[in-house]
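Only the coordinates and a few stated rules stand behind these numbers; no lab work does. The structure presented is a predicted model; accordingly, all values stated were derived computationally and were not measured. Cβ placement follows ideal geometry from the backbone for every residue including glycine, while neighbour counts extend to all protein chains displayed.
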Amino acid sequence: MLFALWLALSGYFNALQLGLGLTACALVIGLTALMRQPGVLFLRVNWRLFQYIGWLLREIFYSNLKVAQIILDPKLPIRPVLFWAPANQRSDIGRVIFANSITLTPGTISLDISEQGDQILVHALHEGMAWGKEGCEMDARVRDLEKHLTDLDKHLTMEAAS
């Protein structure tokens, strides 16, 4: 059914396009089956994830305004800074979400994760975009999202075991 929908929406009927469509459908079906297995932590769709994405989009918008203000200023007050941002996430997926969120926010880029995984090296366009050892709101929000996803995964694992 998925391939039929893809075929109807794409309108391509040559061998290459049909092969790519079949491959894409097989990949989606395989990932869906993997996500249904208990004990596998994936980003399951829930309202907290949408809440975080909405907050992140708002932060991206405000950071865009800050970067535009810096660029449009005739003095171009760019003062780049490198700093280690505390990463209080407990899992790899939490750190990945945090690092990618930093990079998605204009004016900041995640460069490296420390050996212990408790800090992320961040490059900021301006020193005003840096934060200190106290952390930031993004870190706390990702930590809460990670906790909810981990709790959800444990609940689904116990449910599947019974």
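Quick notes on this one:
- A simple spin-label model places pseudo-atoms 7 Å from Cα toward Cβ; at Ile78 and Asn64 they are separated by 2.0 nm.
- Packing here is the average count of other Cβ atoms within 10 Å per residue, and on that basis the peptides 13-20, 135-142, highest first, run 135-142, 13-20.
- Charge-dipole axis of segment 51-161 as Lys and Arg at +1 and Asp and Glu at -1 on Cβ define it, positive-most pick from Ile70, Asn100, Gln119: Ile70
- Distance (nanometres) between label positions extended 7 Å along Cα→Cβ at Val28 and Ser10: 1.0 nm
- Calculated FRET efficiency for the pair Lys147/Ile109, C-beta based, R₀ 30 Å, to 0.05: 0.70
- Dipole magnitude for segment 51-161: computed about the Cα centre from +1 point charges on Lys and Arg Cβ and -1 point charges on Asp and Glu Cβ, it is near 340 debye.
- Average Cα contact separation per residue, segment 51-161, under 8 Å, 6 or more apart, as relative contact order %: 30 percent
- Label-reachable residues, segment 123-138, where backbone N falls under 14 Å from a point 7 Å from Trp55's Cα toward its Cβ: 136-138
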